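J.: One structure coming up, written as structure tokens, with questions to follow.
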């Protein structure tokens, strides 16, 4: 009888552990699922991209020589094509510049200028270390109210969800311009699961402030209404 009770208790413990693991796994996947389906009607290929005043280009790493990675070049090139097609007026290049030797926005600007974009139509955000930071600063520092987000398909749902949750009206433009290595693509897709979970925690629990500073509105004529727009967007 004692042995039977011990076996039952072990069985119950295993069931509790199993259901706990299932719950944790579901919790990890849920934000990514929500972001994906909530942005389903907001993701477009380059060929049918709508018009917008500003394109936000997210950083995506540099090579050792300081030049943009293949993924980042695709993002910049896509944004340049939007600009040349008169779909946007300005390009907001946002990336990491946490050290003197690592300057994503500068590398993005250089490449865009090589592709024919005037320097005056490129705005640099040197503190876009994370997607959350880029979206937050686009509104609070640069006064962006609506934007086209330029990044790869795997990143678009998270980027769109974050920006929209912070108060930006956004549309996503796919920067997939090539067939990426399968291993890398699988890694990027899997990485979005914990990254989106972290984004939800930031948006609804932690609400951290990124590096801020004085407002630098991209369109000075909109600067007078920035404070009101920020209060309405980020709360």
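J.: Mind checking which helices (runs of 4 or more DSSP H) fall wholly inside segment 95-180 and carry at least 2 residues that are free of Cβ contacts under 8 Å to residues at least 12 places away in the same chain and surrounded by fewer than 23 Cβ atoms within 10 Å (Cβ to Cβ)?
T.: Details: elements: 104-114, 131-140, 156-166.
The qualifying helices (runs of 4 or more DSSP H) are 104-114.
J.: Considering only residues that are under 25 Å from residue 119 (Cα atoms), at pLDDT below 90 and more than 17 Å from the chain's Cα centre (by Cα), which ones fall in segment 176-213?
T.: Selection gives 212, 213.
J.: Just one of (1) under 20 Å from the mean Cα position of the chain (by Cα); (2) touching a residue at least 40 places away in the same chain (Cβ under 8 Å); (3) in a helix (DSSP H, G or I) trips up residue 92, so point out which.
T.: Residue 92 satisfies every listed condition except (3).
The values are calculated or read from the model by the stated rules, or taken from the named source; none is laboratory data. Here the structure is a predicted model, which means the values were calculated and not measured. Note: ideal-geometry Cβ built from the backbone for every residue, glycine included; neighbour counts use all protein chains shown.
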